[in-house]
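The structure appears below as structure tokens.
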Amino acid sequence: MSRRRRVYEGKAKVLYEGPEPGTLVQHFKDDTTAFDATKREVIDGKGVLNNRISEYIFTKLNEIGVPTHFIRALNMREQLIREVEIIPVEVVVRNVAAGSLSKKLGIDEGTVLPRSIIEFYYKNDELHDPMVSEEHITAFGWATPQEIDDMMALALRINDFLTGLFLGIGIRLVDFKVEFGRLYEGEMVRVVLADEISPDCCRLWDTRTNDKLDKDRFRRDMGGLVEAYQEVARRLGVLVETEPKRRGPTLVK
Ligand code: TMP
Ligand code: ASP
């Protein structure tokens, strides 16, 4: 087997050179990190679940005309994507107060927000991804005003779509983080959704029980992360059924 060229390795994914120019292979690892990777663990099967869930969501978004980097699924852990230039801004959309918003502003977790709120964070681990304003983003040249408008419009469309998708399977979309990239097509450049959408970067609460079905289970040492992600995949209809492990000889009558 020939070795593929590794283009980039992040905390949860690896990008390899793709089969054609302008494409990459996005590989989902089992590595799980939080708090700028000061907390880390390898959780068996997480990468497979995130690959499946993200692939399903990106396919649906492509179908409704939200441009994304996703081309097609390749295998259990990998997908073919278009190579984009990542805009170094994490876009968070919140519908319900939780996490850093609750902490910072003293709003009880679970409080429904008066409207969806968009926040920007500068993607820089050394600086712990600080929250920034549109002023910072344009002044420092991380994105143009037009690109910010595009990211906000796409983030709100994604929020509306995902809110409905999850509500239909008994899950409340509390908040999520997305990343965008610049796709160069000849003379043209446009903003497309990149990275992933999975329980690693969303808060997903069961509508009936309020059970957390997302990475907060890891951040808050609650356990049961894979079971929670499996439940999300199962409800979306994309659970990869694995063979039950044989526990030894079975009695044959
Ligand atoms: P926060 O409440 O910690 O700011 O997180 C908001 C949302 O963004 C939540 O769904 C988790 C997600 N998120 C990431 O995907 N990556 C990150 O590095 C952080 C801090 C949050
Ligand atoms: N993924 C980020 C990190 O490791 C943080 C998080 O999602 O909480 O460090």
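The values are calculated or read from the model by the stated rules, or taken from the named source; none is laboratory data. Because the structure is predicted, anything quoted here is derived from the model rather than measured. Cβ: placed from backbone, ideal geometry, glycine included. Neighbour counts: every protein chain shown. These accessible areas exclude ligands, DNA and RNA; they are computed on the full protein's heavy atoms, side chains included. Shrake-Rupley method; radii C 1.70, N 1.55, O 1.52, S 1.80 Å.
Amide H contacts of I71: L80, I81, R82, each under 5 Å away and 5 or more positions distant or on a separate chain (H built 1.01 Å from N in the peptide plane; Pro and chain starts excluded). When only the Cβ of Lys, Arg, Asp and Glu is charged (+1, +1, -1, -1), the dipole of the stretch 63-151 relative to its Cα centre reaches about 320 debye.
Ligands, DNA and RNA left out, the 1.4 Å accessible surface of the chain is 52% carbon and sulfur atoms. When +1 charges are put on Lys and Arg Cβ atoms and -1 charges on Asp and Glu Cβ atoms, the dipole computed for the stretch 104-178 relative to its Cα centre reaches about 300 debye. Mind checking which of L156, Q146, N210 is farthest towards the positive end of the chain's charge dipole, using Cβ charges of +1 (Lys, Arg) and -1 (Asp, Glu) about the Cα centre? So the residue furthest toward the plus end is N210.
Which of the three applies to the chain, rounded, prolate or oblate, going by the alpha-carbon gyration tensor with a ≥ b ≥ c and a/c under 1.5 meaning rounded? Cα axes put the chain in the oblate bin. The dipole here belongs to the chain: it is taken about the Cα centre, uses +1 on the Cβ of Lys and Arg and -1 on the Cβ of Asp and Glu, and is about 1200 debye.
Solvent-accessible surface of the chain, averaged per residue with a 1.4 angstrom probe and all protein chains in place: 55 square angstrom.
For K13, a cut-off of 17 angstrom between C-alpha atoms picks up these lysines, skipping any fewer than 8 places away in its own chain: K29, K39, K46, K123, K177, K215. Is the C-alpha gyration tensor of the stretch 114-253 telling us rounded, prolate or oblate? Criteria: a/c under 1.5 is rounded; beyond that, a/b larger than b/c is prolate, otherwise oblate. Prolate is the answer for the stretch 114-253, as a/c is 1.5 or above and a/b outweighs b/c.
Helices that extend 27 Å or more along their long axis by alpha-carbon positions and average at least 0.0 on the Kyte-Doolittle scale are, among the DSSP H runs of the chain, 145-167.
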